[in-house]
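Report on one structure; see the data block that follows.
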Amino acid sequence: MANVKGAAVNRTAEDEGKAADWIPGTERQTVVDPMEMFHKLPREMQFITGSEAARESMRRANIDIAIAYPITPQSESMQQAGYLYDEGYIKEYYRAEEEIGTMSAISGASRAGVRSLTATSGPGLMRGMEAISSWPGARTPIIMLNMCRVINTPLAIQPDNIEMSFMLNTGILLLHAENQQDFYDYPLAAIMASEQVDVTLPAVVSVDGFFCTHARGPVLVTPEEYKLPPRDGWRSAVPAMDNENPPARLSRDAPIQKSNFISYHMHSSWQQEVFAAVQRSAKYFRDYLGGLIEVVNPGAEEVIIASGCAVSQAREAVRQEGEKGRTVGLVKIKSIRPFPTEDIFNAIKHAKRILVPEFNQAGWLHKELCAVLYGRTKGVIKGGPRVFGGMTMPTEMVLEWLADIRKEVK
Amino acid sequence: MLIQDNLFLTRTDPSGQGGVQFLYRVKDYGLSALSSPQEEISMIHWEVEIIKFTNPDTADFEICHTTELSDKTLKFYKDKSLNEFLQKAFQYFEELDSLEKMLPKES
């Protein structure tokens, strides 16, 4: 089973047109315990774009195969993945036909037991959604980078994270990166959490495109000579397919695909197990990310709850309010799935006024919060400001909304 | 990477356009260095303003185009060249502060 516990690198210097002494990058790296990588290894500051941060994350992720199809603003990151393939840090890499092909192929790769990475944006995610929504049930721990952009007409390629709402109820693990640093850290954490035997689920790391992917920011990175442990395809809720001994069995239990009383029950319990596995992943994310949320100014009566780029704008608003002598709290949600309900509840116990700024029209985070906090908090939860279609969210806008809710809720 | 000397504040661009803003401060003067998202990585640059702080305790400032350093917004494509400019600017701000202290105060 050479292809299960980390794929063998079958690329020779001659094949690659490299010098005779060429050694693939991944073979020069040393495997390190994930907790060591996330919390103990020394870090060096680099000032890089989000796409470059994704590249440095992939370099250390021990990825066996990457498959993608270009779409703005994701293309830049997967171009960087191409450089990593050239350097031998990613073992296999190709451009698929389009997103249905990409998301289906990456599923096959993951079923074969290797660490599989893809990336997409907005309309690409929508096109691949049929295949993507099948990943959790197939228990394929795929890692997907999702650079959010507008998905609806009129056409735009600017940031808007409405697409994340389409993944909320699929059984996928979903993280939301605030900045370039998160886009380096979160994929590594997501890979390790998704491959735990009691999780075995795909993980998506979303980031608001352009603002992060195409802008530089300070990123603390670990030394590139260290990488994550390889995937062990047999250490999964559903073991990898044995491709060397065909026929391989795609579905775990054939009766589940019939239409009868037993199949319905089997399907139902299968889905329950997927969503239970999402909850079980929380303990790993807590360890890897140092918590599912970050809290600034705990105990404040006014709190902003946000994820992604909206956190950065809220962070500056909180700072400016502090200059005026007002204490405003901030809850940054790192993990959308699993949703950190109890963590948030504990963080907003004293809040009277809660503001939820978002980069989308629907306000999916506001709805999510209202659903889980209904009847549990006396604080008023107000959705806004909301910007979408590529609009920006100046700090002044957050400050104005804070002033409004202060007048409305005494 | 830009130098950290006299770095007063690092924050996301308050305009909401994405990117990062570094504020440097020497006494009442300073610089704002803004790096914004660009379509191509090679187009990413620093947009630099000379600024004058309007409050000793906060990050409030006005753009200042009346110093000898520059009368316009500056562009730098390399960290190295901006770092060289920053070093010169810090020295200039120290001298400017000394000179301004010598001026008679308005009653």
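The values are calculated or read from the model by the stated rules, or taken from the named source; none is laboratory data. Just so we're clear, the structure is a prediction, and the values are computed from it rather than from any experiment. Every residue, glycine as well, gets a Cβ built from its backbone with ideal geometry; the counts of neighbours run over all protein chains shown.
Observations on the model:
- B:E68 charged (D, E, K, R), more than 28 Å from A:K324 (Cβ to Cβ), away from chain A (no Cβ under 13 Å) and in contact (Cβ under 8 Å) with a residue 12 or more places away in the chain: yes
- The residues in region B:5-30 that are within 10 Å of chain A (Cβ to nearest Cβ) and surrounded by fewer than 17 Cβ atoms within 10 Å (Cβ to Cβ) can be counted, and the count is 4.
- Any pair with Cβ under 7 angstrom, 6 or more apart, that starts in region A:118-138 at a residue that is modelled with pLDDT under 95 and ends at one that is among the β-branched types (V, I, T): A:G137/A:V274
So that you can scan it fast, the table gives a plain yes or no per residue for (1) part of a strand (DSSP E or B); (2) outside the structural domain of A:G50 (by TED's automatic domain parsing); (3) under 26 Å from the mean Cα position of the chain (by Cα):
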site: A:A190; (1), (2), (3): no, no, yes
site: A:D198; (1), (2), (3): no, no, yes
site: A:S206; (1), (2), (3): yes, no, yes
site: A:W234; (1), (2), (3): no, yes, yes
site: A:M241; (1), (2), (3): no, yes, yes
site: A:V278; (1), (2), (3): no, yes, yes
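- Inside region A:211-241, residues that are touching a Gly at 6+ places or on another chain (Cβ under 6 Å) and within 14 Å of chain B (Cβ to nearest Cβ) make up a count of 4.
- Within region A:43-56, restricting attention to residues that are in a helix (DSSP H, G or I) and among the charged types (D, E, K, R), the residue that is nearest to the other protein chains (Cβ to nearest Cβ) is A:E52.
- Check on A:A138, closer than 15 Å to A:I172 by Cα and surrounded by fewer than 24 Cβ atoms within 10 Å (Cβ to Cβ): yes
- Of all residues in region B:77-90, none are farther than 19 Å from A:T49 by Cα, modelled with pLDDT under 95 and of a type in the set (K, R).
- Residues in region A:53-69 that are surrounded by fewer than 24 Cβ atoms within 10 Å (Cβ to Cβ) and either modelled with pLDDT under 95 or not assigned by TED's automatic domain parsing to the domain that holds A:H214 (or both): there are none.
- Counting only strands (runs of 3 or more DSSP E) that fall entirely inside region A:311-410 and contain at least 3 residues that are away from chain B (no Cβ under 14 Å), closer than 25 Å to A:A190 by Cα and in contact with a strand residue (DSSP E or B) (Cβ under 9 Å, 6 or more places away or on another chain), the qualifying elements are A:335-337.
- Counting only residues that are modelled with pLDDT of 95 or more and closer than 17 Å to A:M164 by Cα, region A:384-396 holds 2 of them.
- Matching residues in region A:300-309 - criterion: being more than 10 Å from every other protein chain (Cβ to nearest Cβ) and crowded, with 20+ Cβ neighbours inside 10 Å: A:A300, A:E302, A:V303, A:I304, A:I305, A:A306, A:S307, A:G308
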